[in-house]
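The values are calculated or read from the model by the stated rules, or taken from the named source; none is laboratory data. Bear in mind the structure is a predicted one, so any value in this text is a computation, not a measurement. Here the Cβ positions follow ideal geometry from the backbone for every residue, glycine too, while neighbour counts run over all protein chains shown. Calculation scope for accessible area: heavy atoms of the full protein, side chains included, ligands and nucleic acids excluded. Shrake-Rupley method; radii C 1.70, N 1.55, O 1.52, S 1.80 Å.
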Amino acid sequence: MPTPGYTREIPQRYRLEANKCKNCGKISFPPRLVCPYCGARNFEPTKLSDTGKIVTFTTIRVAPGRYAAYVPYSIAIIELNDGVKITTQVVDCKPEDLEIGKAVRIIFRKMYPEGKTGIICYGYKAVLI
Amino acid sequence: MRDVYIIGVGMTKFGELWDKSLRDIFVESALSAMDDAGVDHIESMFVGSMTPGLFVGQEHIGALMADYLGAAPVPAVRVESACCSGGMALRLGFFEIASGNSDIVLVGGVEKMTDSADVTAALATAADQEYEVYHGITFPGLYALIARAHMARYGTTREQLASVSVKNHHNGSLNPRAQFQNEVTKEQVINATLIADPLTILDSSPVSDGAACAILVSEKYLKKPAVKIIGSGAATDRIALHQRDDITELRAVKVSAERAYRMAGIGPENIDFAEVHDCFSIAELCIIEELGFVEKGKSGPFIESGNTMLEGKIPVNTSGGLKAKGHPVGATGIAQVVEVVEQLKGTAGKRQLKNIHIGLTHNMGGSGASSVVHILKLVE
Ligand SMILES: [Zn+2]
């Protein structure tokens, strides 16, 4: 059984589910109870755009336990086409292939096995397009 | 509000203190602050510490430290705001005196990071676990993202980042309590092992043990010369770096500084020197912009041309900063106060500044989601 903590995150990690403020129209990811832009509390569900561009990036050379075996890996802040920004790994490319402004697509991925039971965690990653 | 004064400070050496425990180092620094102040009792205490639970498996350290200091039954509480836990402890102690609730308060900070913990994972708990850390980001990684954005936006260079580490190591070489008392060159910084591109290990503050304390009093216990806290400001920002509108802006730093300047009735032009939170070289650049020492985007050339050196226009991190003095996270905010008080009182030894009256401390948590600024003035 996945932990409750993991199960709760599935809508965001698997399907990029977000919420859109009914007052100001800004999208929050993950969904929030209070809009950080206008303070309103009414939202409608929406799904994030799965394409965007690199805002800034780095390559991680030293990582804690769960990612220690994966170094070096690259991470970027991506601004999606709907204006939402996310932090995610950029895979299937060399560190020197990354540039600010380059277009990416967000895709589903396996992350790592969780806890003692080894439940596989999933999430999202970016690839250059 | 009543006036609040610092009449004594103390700290341990920072570094790998393997022969001393969490409680040993806190009590050692508390006793040295009490001896410096010439007081034999306190009425209340605030202990800044980020995560003793993860580092050594010990929580409830307000009570623990009061007990081992021989101060129980005084009220004591641990204060947590990631890497600015110490600065926030000072702020709560300030209000404890200002409000009239106590006349003599001990504020301190402590962290024991070198015992055995997965330090990178423990520090990462200050970031957004679900939306940053889950994806493999680290603290050096977050500051690397800021560095890359600052370099792209403002033309900040790799050499300019390195000049922060060169300066802070030079200052640390003059500080007998610093973890690193060796000089480094720009070439060494740039060619050191990459941690998160473009940042190397020599852009990064170290893993440290250490503790620092200060004694705050009202007029009732005032002994001159003392240092008056003339401004205190704190602020918060979005916890995840990616959720901020501008990745190069540390808004909590800017707002906390504005609040402290307003309370003090002065501006950045009145600050003679500062201790700031250089957890990574890029942080010192962004911070001096937000504090108003230099225009946004111009910190690279400003630092590179020597303005923040000991003999510069506004010396920054005369202690060696987090980079060279060390960064036992919860202790850092109070250790900054120790440096500013010693500089103002003229006891800073080989790194002593001349003709100074007002100093500033800036301490921040995580990638800048919390920030606290204090402005300190000598009263003779
Ligand atoms: Zn809204």
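Here the stretch A:19-38 is the region considered, the condition is being touching an Asp or Glu at 6+ places or on another chain (Cβ under 9 Å) and assigned to a loop (DSSP other than H, G, I, E, B), and the residue that is farthest from the ligand (Cβ to nearest atom) is A:Pro30.
Residue selection: A:Val62 satisfies the criterion of being open to solvent by 60 Å² or more (accessible area, probe 1.4 Å), more than 16 Å from A:Ile106 (Cα to Cα) and at pLDDT below 95. Considering B:Gly346, B:Gly320, B:Gly312, B:Gly366, the condition of being at positive phi and open to solvent by 10 Å² or more (accessible area, probe 1.4 Å) is satisfied by B:Gly346 alone. The conditions of being within 10 Å of chain B (Cβ to nearest Cβ), open to solvent by less than 40 Å² (accessible area, probe 1.4 Å) and more than 15 Å from B:Val133 (Cα to Cα) are not met by A:Val104. From the list A:Val62, A:Val127, the one residue that fits, being outside the structural domain of A:Arg15 (by TED's automatic domain parsing), away from the ligand (no atom under 16 Å from the Cβ) and in contact with a Pro (Cβ under 9 Å, 6 or more places away or on another chain), is A:Val62. Scanning the stretch A:12-30 for residues that are over 12 Å from the mean Cα position of the chain (by Cα) and within 12 Å of another protein chain (Cβ to nearest Cβ), we see that the one that is most open to solvent (accessible area, probe 1.4 Å) is A:Lys26. Remark: pairs (first residue in the stretch B:329-358, without any contact (Cβ under 8 Å) to a residue 24 or more places away in the chain; second residue in a helix (DSSP H, G or I); Cβ separation under 9 Å; 6+ apart in sequence or on different chains) = B:Thr347/B:Val341; B:Gln352/B:Glu342; B:Gln352/B:Gln343. Meeting the requirement of 3 or more residues that are open to solvent by 60 Å² or more (accessible area, probe 1.4 Å), no helices (runs of 4 or more DSSP H) wholly within the stretch B:35-115 can be named.
Taken together, B:Ala240, B:Ala257 contain a single residue that is within 14 Å of another protein chain (Cβ to nearest Cβ), touching a strand residue (DSSP E or B) at 6+ places or on another chain (Cβ under 8 Å) and either modelled with pLDDT of 95 or more or surrounded by 22 or more Cβ atoms within 10 Å (Cβ to Cβ) (or both), which is B:Ala240. Filtering the stretch B:224-245 to residues that are in contact with a helix residue (DSSP H, G or I) (Cβ under 6 Å, 6 or more places away or on another chain) and closer than 21 Å to B:Gly333 by Cα leaves B:Val227, B:Ile229, B:Ile230, B:Gly231, B:Ser232, B:Gly233, B:Ala234, B:Ala235, B:Thr236, B:Asp237. Only a single criterion out of (1) modelled with pLDDT of 95 or more; (2) on the phi < 0 side of the Ramachandran plot; (3) away from the ligand (no atom under 16 Å from the Cβ) is not satisfied by A:Glu9, namely (1). Of all residues in the stretch B:117-135, those that are more than 17 Å from B:Gly53 (Cβ to Cβ) have Cβ atoms under 7 Å from Cβ atoms of residues that are open to solvent by 40 Å² or more (accessible area, probe 1.4 Å), 6 or more apart or on another chain, in B:Asp128/B:Ile239.
Against the definition (open to solvent by 50 Å² or more (accessible area, probe 1.4 Å), in the same structural domain as A:Gly118 (by TED's automatic domain parsing) and in a strand (DSSP E or B)), how does A:Glu79 come out, yes or no? Yes, satisfied. Residues that are part of a loop (DSSP other than H, G, I, E, B), of a type outside the set (S, T, N, Q) and out of contact with any Lys or Arg (no Cβ under 8 Å at 6 or more places or on another chain) within the stretch A:1-18 comprise A:Met1, A:Pro2, listed in sequence order.
Looking across the stretch A:85-97, the residues that are open to solvent by less than 40 Å² (accessible area, probe 1.4 Å) and facing another protein chain (nearest Cβ under 9 Å) come down to A:Lys85, A:Ile86, A:Thr87, A:Thr88, A:Gln89. As for the stretch A:49-56, it holds at least one residue that is hydroxyl-bearing (Ser, Thr, Tyr), away from the ligand (no atom under 16 Å from the Cβ) and at the interface with chain B (Cβ under 7 Å from one of its Cβ atoms). Check the stretch A:84-102 and report whether any residue there is farther than 30 Å from B:Ile201 by Cβ and assigned to a helix (DSSP H, G or I). Scanning the stretch A:84-102 turns up no residue that is farther than 30 Å from B:Ile201 by Cβ and assigned to a helix (DSSP H, G or I).
For the stretch A:39-48, name all the residues that are open to solvent by less than 60 Å² (accessible area, probe 1.4 Å) and more than 9 Å from the ligand (Cβ to nearest atom). Hits for the stretch A:39-48 are A:Thr46, A:Leu48. From the list B:Thr138, B:Thr114, B:Thr157, the one residue that fits, being within 13 Å of another protein chain (Cβ to nearest Cβ) and among the β-branched types (Val, Ile, Thr), is B:Thr138.
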